[in-house]
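The values are calculated or read from the model by the stated rules, or taken from the named source; none is laboratory data. Nothing here was measured: the structure is a model prediction, and the numbers come from that model. Quick reminder, even Gly has a Cβ in these numbers, built from the backbone with ideal geometry, and neighbours come from all protein chains shown.
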Amino acid sequence: MTGDLLVADGRLFTPTGVVEAPLLVQEGVIAAIGADALERAKPGTAELDARGGLVVPGFQDSHVHPYHAGIDLLRLDLSEARTAEDALARIAAYSAANPDLEWIRGGGWSLELFPGGVPTAAALDAVTGGRPAYLANRDGHGAWVSTAALERAGVTASTSDPADGRIERDASGAPIGMLQEGAMDLVSDLLPPTTEDEIDEAFRIAQRRLLAWGITGWQDAMIGVVHGLPDLLASSLRLADRGEIVAHVVGALWWERDRGLEQVPELVERRALAAGRERFRATSVKIMQDGVAENFTAAMLRNYLDHDGHDSGNAGKSFVDPELLTRAVTALDAEGFQVHLHTLGDRAVREALDAIEAARAANGVRDARHHLAHLQVVHPDDVPRFAALGAIANAQPLWAAHEPQMDELAIPFLGPEAARWQYPFGSLARAGARIAFGSDWSVTTANPLEILHVAVNRAAHGAPRQDPLYGEQALSLGDALTAYTAGTAYVNHDEQRAGRLVPGLAGDLAVLDRDITAAPVNEIGAARVVATAVGGEVVAEG
């Protein structure tokens, strides 16, 4: 999908600054910027009036889950629920509208809706008519389940917690309806299978939403067989072969954390299945090293505090033993893979950096572009190691703001020192680390303007609380825009094709309704994308 396009009356975000000039795309590639663009435009070339808005390279999302987001949108989407009562009302309405469904399935609810982030089966039973229900929370690290679902799974007070998860219980030890991390599988393994048609449609829905947000490329952070979904690699290959993947996508193949190095040859084979396609490659491997801070499974260098401010005795979970992680990263690096590591806590970050350092020592330095995603807490001693090891900081800035989940479920339990080490994007940038931006959608929105707003302001646009969360870690708007465009292009080994508005690179671009570089930074989040082009072909307008 390529085309000829003349973008007029736009202010262009280029590597040398913002310039007011026309831009010409021919045969899918930026052919000229400035007066030369008007002279070289052929009769009949399609025109796009930017109306004075900022024209940026197409945003690229470094960590996103389009299939999971699409499935939520196909089923019961609770991402817009703002209170527990609101969530329960939405569940009740969906249940009433779908009386023939055997299971009530969906997700997207926020932890702060419920005390301690833990809802109950009893509340769910009241609005689902006694049917089994499975509702993943917005970060995908826990699931709210009904009594009928627990009964079908045989989960009782005598059921042991799995090694990589936790069953939330009442004082008597009985399960109360919330499953954390690996405990989710106790119920998710019983869910009716999602069909191939459903999973393909989930991608189509998600892609339309991403394109409308101006996102023209991404790294899918979970390509595998997970939580009852069919093989996402098979879906990606079907869609690519049909020409239905419009964006440029890198798939991160899923590392099964209950297995070992025997997976490496299998991953090599799966990568080969995707070879030779223009819009989809499977050249990365995703390893989830820890969980999340809100349920105390992010791997920390010191113990969490309890509700009384005392040492809890729990420092979170390293899902992959650090010694095995080192061997895994070394083996994957030797096979030419890029490794995409989920690292929330400072211990997980250190374990991942240690593994990358060991791989470089064993295999030699190569252009691997391994990256660590999320980076909620990074010990200051590890900040300079990113640049030294060529490890990319894969950041999701939307979380770096005061909100109930941060203020009520994270800061009080991290302790004052570790809390100040959260999302240290400014420190990483000053230490020379490469930074790429992503969303983790469907965990939170993938709207780049809302995410950029937090990266620059360390506060969410329109939120009641506007004081910055550790404001010294804010980035400039120019650096933030670069992280969301060229930064992720670099992660995806795509920087020679896209990511900058310069002649010779792809005509992948997004047009904003205003020039956010010329407005107060506290208005960034009010902007929106009004047009998106891929290869000079307009694929979204609105």
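Key figures
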{"read-out": "In the stretch 302-345, the residues that are within 22 Å of residue 140 (Cα to Cα), of a type in the set (A, V, I, L, M, F, W, C) and over 21 Å from the mean Cα position of the chain (by Cα)", "value": "315"}
{"read-out": "Residue that is on the phi > 0 side of the Ramachandran plot and surrounded by 18 or more Cβ atoms within 10 Å (Cβ to Cβ), where the choices are 44, 52, 108", "value": "108"}
{"read-out": "Options 59, 13; residue that is touching a Phe, Trp or Tyr at 6+ places or on another chain (Cβ under 6 Å) and under 21 Å from residue 212 (Cβ atoms)", "value": "59"}
{"read-out": "Top-ranked residue of the stretch 188-200 - restricted to ones that are charged (D, E, K, R) and surrounded by fewer than 16 Cβ atoms within 10 Å (Cβ to Cβ), ranked as farthest from residue 244 (Cα to Cα)", "value": "189"}
{"read-out": "Enumeration of residues in the stretch 245-272 that are in contact (Cβ under 8 Å) with a residue 12 or more places away in the chain and closer than 23 Å to residue 495 by Cα", "value": "245, 246, 247, 248, 249, 250, 251, 252, 253, 271"}
{"read-out": "Unmet requirement for residue 98, which otherwise passes all of (1) surrounded by fewer than 19 Cβ atoms within 10 Å (Cβ to Cβ); (2) under 19 Å from the mean Cα position of the chain (by Cα)", "value": "(2)"}
{"read-out": "Among the candidates 376, 405, 422, residue that is more than 23 Å from residue 67 (Cα to Cα), modelled with pLDDT under 95 and not charged (D, E, K, R)", "value": "405"}
{"read-out": "Residue that is nearest to residue 269 (Cα to Cα) [pool: residues in the stretch 312-333 that are outside any helix (DSSP H, G or I) and not hydrophobic (A, V, I, L, M, F, W, C)]", "value": "321"}
{"read-out": "Residue in the stretch 386-403 that is surrounded by fewer than 21 Cβ atoms within 10 Å (Cβ to Cβ), under 28 Å from residue 284 (Cα atoms) and not hydrophobic (A, V, I, L, M, F, W, C) present", "value": "yes"}
{"read-out": "Residue check, residue 472 surrounded by fewer than 17 Cβ atoms within 10 Å (Cβ to Cβ) and part of a helix (DSSP H, G or I)", "value": "yes"}
{"read-out": "Residues of the stretch 474-515 that turn out to be within 20 Å of residue 3 (Cβ to Cβ) and of a type in the set (Gly, Ala, Ser), as a count", "value": "6"}
{"read-out": "Condition met for residue 487 (crowded, with 17+ Cβ neighbours inside 10 Å, in the same structural domain as residue 52 (by TED's automatic domain parsing) and in contact with a strand residue (DSSP E or B) (Cβ under 6 Å, 6 or more places away or on another chain))", "value": "no"}
{"read-out": "Residue check, residue 49 touching a helix residue (DSSP H, G or I) at 6+ places or on another chain (Cβ under 9 Å) and either over 20 Å from residue 505 (Cβ atoms) or in contact (Cβ under 8 Å) with a residue 60 or more places away in the chain (or both)", "value": "no"}
{"read-out": "Qualifying positions in the stretch 345-368 - within 21 Å of residue 251 (Cα to Cα), buried (at least 19 other Cβ atoms within 10 Å of the Cβ) and not small (Gly, Ala, Ser)", "value": "356"}
{"read-out": "Flag if residue 536 is modelled with pLDDT of 95 or more and within 23 Å of residue 244 (Cα to Cα)", "value": "yes"}
{"read-out": "Within the stretch 455-482, tally of residues that are under 19 Å from residue 436 (Cα atoms) and aromatic (Phe, Trp, Tyr)", "value": "0"}
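Residues are listed down the side, and each one gets a yes or a no for (1) closer than 24 Å to residue 280 by Cα; (2) of a type in the set (D, E, K, R); (3) touching a residue at least 24 places away in the same chain (Cβ under 8 Å):
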{"site": "423", "(1), (2), (3)": "no, no, yes"}
{"site": "433", "(1), (2), (3)": "no, no, yes"}
{"site": "436", "(1), (2), (3)": "yes, no, yes"}
{"site": "441", "(1), (2), (3)": "yes, no, yes"}
{"site": "450", "(1), (2), (3)": "no, yes, yes"}
{"site": "461", "(1), (2), (3)": "no, no, yes"}
{"site": "472", "(1), (2), (3)": "no, yes, yes"}
{"site": "491", "(1), (2), (3)": "yes, no, yes"}
{"site": "500", "(1), (2), (3)": "yes, yes, yes"}
